[in-house]
1. Sort out which residues of the stretch 139-158 are assigned to a strand (DSSP E or B) and either hydroxyl-bearing (Ser, Thr, Tyr) or open to solvent by less than 80 Å² (accessible area, probe 1.4 Å) (or both), and write them in order of number.
2. Anything in the stretch 182-194 that is buried (at least 24 other Cβ atoms within 10 Å of the Cβ) and either farther than 17 Å from residue 267 by Cβ or in contact with a His (Cβ under 8 Å, 6 or more places away or on another chain) (or both)? List them, or say none.
3. Is it the case, given these coordinates, that residue 529 is out of contact with any helix residue (DSSP H, G or I) (no Cβ under 6 Å at 6 or more places or on another chain) and of a type in the set (A, V, I, L, M, F, W, C)?
4. List the pairs whose first member sits in the stretch 446-458 and is free of Cβ contacts under 8 Å to residues at least 40 places away in the same chain, whose second member is assigned to a loop (DSSP other than H, G, I, E, B) and not charged (D, E, K, R), and whose Cβ atoms are under 9 Å apart, counting only residues at least 6 apart or on separate chains?
5. Would you check if residue 231 is touching a helix residue (DSSP H, G or I) at 6+ places or on another chain (Cβ under 9 Å), buried (at least 19 other Cβ atoms within 10 Å of the Cβ) and of a type outside the set (D, E, K, R)?
6. Show the residue pairs that are 6+ apart or on different chains and have beta-carbon atoms under 6 Å apart, the first residue being within the stretch 385-407 and on the phi > 0 side of the Ramachandran plot, the second being surrounded by fewer than 20 Cβ atoms within 10 Å (Cβ to Cβ) and not in a helix (DSSP H, G or I).
7. Going through the stretch 16-31 one residue at a time, which ones are within 17 Å of residue 405 (Cα to Cα) and surrounded by fewer than 20 Cβ atoms within 10 Å (Cβ to Cβ)?
8. Can you list the helices (runs of 4 or more DSSP H) found entirely within the stretch 213-289 that contain at least 2 residues being among the hydrophobic types (A, V, I, L, M, F, W, C) and at pLDDT below 95?
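The values are calculated or read from the model by the stated rules, or taken from the named source; none is laboratory data. Computed from a prediction, not measured in an experiment: that's the story for all the values here. Cβ placement follows ideal geometry from the backbone for every residue including glycine, while neighbour counts extend to all protein chains displayed. Side chains included, ligands, DNA and RNA excluded: accessible areas come from the protein's heavy atoms. Shrake-Rupley method; radii C 1.70, N 1.55, O 1.52, S 1.80 Å.
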Amino acid sequence: MRGTLRLLLLLPALCAAAPPHLAPQGNTKQLIVDDKPFLILGGELGNSTASDLAALKPHWADFQRLHMNTVVAPISWELVEPEEGRFDWASVDGLLADARGAGEHLVLLWFGSWKNSMSSYVPAWVKRDQARFPSTQKADGSGSEILSPLAPANVEADARAFRALMAHLRAVDGDRHTIIMVQVENEMGMLPTARDRSPAADAAFAGPVPRALMDWLVRHRATLVPELKALWEANGARTSGDWRGVFGAGPGGEEVFTAWCFARYADAVARAGKAAYDLPMYVNVALNRPGRAPGDYPSGGPLPHLIDVWKAGAPAVDLIAPDIYFLNFGDILGRYARPDNPLFIPEANQAGRAESPAEAMLAFGRYDALGFSPFSIENAKGPGVEALGEAYDVLNQLAPLILAARGTGRMTGFRSKVTYEGAVDDAPQSATLGDYRVTASFVDTWAPAAGQKTETHGALVIQLGPDDYLVAGSGVTFTFAPVTPGPPQAGLERVEEGRFVGGQWQRGRLLNGDQTHQGRFVRLPSGSWGIQRVRLYRYR
C-alpha cells in the first residue's frame with residue numbers, strides 16, 4: 001500500500017512533459033515543446049518594446065490575428081539586475097503573463113554584455129566601474145563602449161545574471177513551457193577594428209591558438225567553410241602555433257582570434273544558464289556586406305565565414321541564427337542550414353515587407369527551418385502584413401505535415417532567386433521529390449503581367465505518398481515529370497483546393513478544369529495564399 005501511495009504521489013512528475021529541447025529528425029533537428037514537434041511562426045519585437053508592457057499590451061491581439069504562435073522578445077540585463085546581486089523580475093513576469101493570456105509562446109533574447117556589438121544594455125554599475133569591467137581598446141589606446149570578452153570579471157558577472165534569469169524561468173515556467181528558446185547576447189562583434197588592441201588582447205593574440213580550435217580544423221578539414229579553410233591553408237595549414245603563425249598577421253587572422261574570444265564568452269554564459277534550466281540556446285548574427293573589411297562590420301561574430309570557429313568555441317550553444325536584412329535571402333539560408341546547425345531566422349528583415357511570406361515558404365520548405373520571425377512585428381503595417389497573416393494561416397494548417405517531413409527529403413520550397421543588389425531571377429526551378437521532378441514557375445501567366453513582383457511569389461511542396469503531393473503558397477505554377485522507369489509522362493488525376501481543420505483535410509473546389517488548364521499544370525494564384533492536394537498518374 002505504501003509503495004502504491006508513493007507511486008501515486010510521483011505520477012504528476014512522471015507524466016510531466018520534458019522541457020523544450022532539440023531532438024534528431026532525419027538530417028536535422030526538431031524543436032520539441034510539450035513532447036511534440038513545434039514550428040515557430042514568430043515575430044520579433046523592437047528592442048525597447050518589451051520594456052513597456054502597457055504599450056505592448058494592445059498588440060497581443062494583432063499577433064493572434066496574424067496567426068503567430070511565438071513572440072521573440074528582449075530581456076535586458078540592466079532591468080533585471082539594476083543593482084549588483086539584486087534581481088527584479090517584474091519585466092520578465094509581466095511579459096510571461098501577457099504571452100500566456102494571448103496563447104503565445106516566447107523566445108527570449110538576453111541583451112547582456114552586447115547588443116549590436118555595443119554594451120548598451122549592461123547595468124549602470126557595470127558601465128561605471130571600468131577598472132573592474134574593462135572595455136576593448138582601439139589602436140590609439142582609446143577605449144570603446146564594447147566590453148572586453150577577455151576580462152574574467154565581465155563574463156563572470158554576465159553568466160551569473162544569466163544563470164539567475166534561467167533559474168527564475170525554471171521556477172515560474174518550468175511546468176508551463178511558455179518560453180521555448182533563449183538567445184545568448186545579441187549580434188556580437190568587434191568595431192571598428194578586426195580585434196581588440198588592449199594589452200590583454202595583444203598578449204593573447206601573441207599566444208598559442210587553443211588546442212580545441214586546432215583539433216576542430218584538423219578533424220573537419222574536408223568540410224570547413226571555404227573562407228576559413230583558404231585562410232588556414234594559405235598560412236601552411238599549421239597544426240600549432242600562435243595566432244599570427246596559424247592564420248596570418250592581417251585582418252583575416254585577427255578576426256578569427258576575435259571570433260574565438262566571443263565564442264568562448266558566449267559558451268560560458270550559455271553553460272551557466274543551462275546549468276540552471278537547460279533550454280535550447282542560440283546566438284544571432286549581424287551579417288557582413290560584401291567587400292567590407294573586418295571592423296567595418298561587427299568583426300568576429302558568428303558570420304558565414306566563421307561558423308566553424310564558433311562551432312569549435314561554443315559547443316554549449318545549440319545553433320547559430322542569421323538576422324537577415326539583405327535581399328539575397330536564399331543564399332544566406334544556404335550558408336547556415338547545416339547538419340550541425342538547424343536553421344532559425346529570428347529577424348527576417350522588417351515586418352510588413354511583401355516578400356516575407358515567400359521567404360518563409362522557402363525557409364521552411366527547402367531549408368527545414370525551425371522558425372521564421374520578421375523584426376519589429378508590433379510596428380508592421382500595410383498589405384505585406386495581411387499577406388504574412390494569410391501565409392502563417394496556411395503554415396499553421398500544414399505544421400504537422402511540415403514537421404513530419406523536415407529532414408527527410410520529402411519537402412522542398414521555391415522562391416525566385418534574388419541577388420544582394422536586388423536583381424530578380426525568376427527562371428523556373430526544379431527539384432526531385434520521390435518519383436517525380438517538380439518544376440516551379442514564378443510568373444503567373446493568368447494574371448496581368450504589368451506590376452508582377454515575382455520575388456513575392458513562393459510555395460512549398462510536400463510529398464504525401466508515391467503519387468500524392470501537397471502544394472501551398474502563392475503565385476507559383478507547377479508541372480510534374482517522372483524520373484523513374486515506367487510510363488514517361490505525368491498527368492493530374494485529381495487536384496483539390498481546401499483547408500486543414502483540426503488536422504483533417506476539408507476539400508473545397510475540385511480543380512480538374514480551367515484552373516489546371518485541363519490537366520496541364522497546378523496553379524497557386526497570385527494575390528492569395530492557399531493549399532492544393534495533387535494526385536498524379538503516369539501515361540505514355
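1. Just the residues of the stretch 139-158 that are assigned to a strand (DSSP E or B), to begin with: 143-147.
143, 144, 146, 147, listed by residue number.
2. Scanning the stretch 182-194 gives a single hit, 190.
3. Details: out of contact with any helix residue (DSSP H, G or I) (no Cβ under 6 Å at 6 or more places or on another chain): no; of a type in the set (A, V, I, L, M, F, W, C): yes.
Answer is no for this residue.
4. As it stands, the answer is 449/443; 454/416; 454/442; 454/443; 454/475; 454/526, since those pairs meet every condition given.
5. So residue 231 passes the test.
6. 407/25; 407/26; 407/27
7. 22, 23, 24, 25, 26, 27 - these are the residues of the stretch 16-31 that are within 17 Å of residue 405 (Cα to Cα) and surrounded by fewer than 20 Cβ atoms within 10 Å (Cβ to Cβ).
8. Working: elements: 226-234, 243-247, 251-276.
Helices (runs of 4 or more DSSP H) meeting the threshold: none at all.
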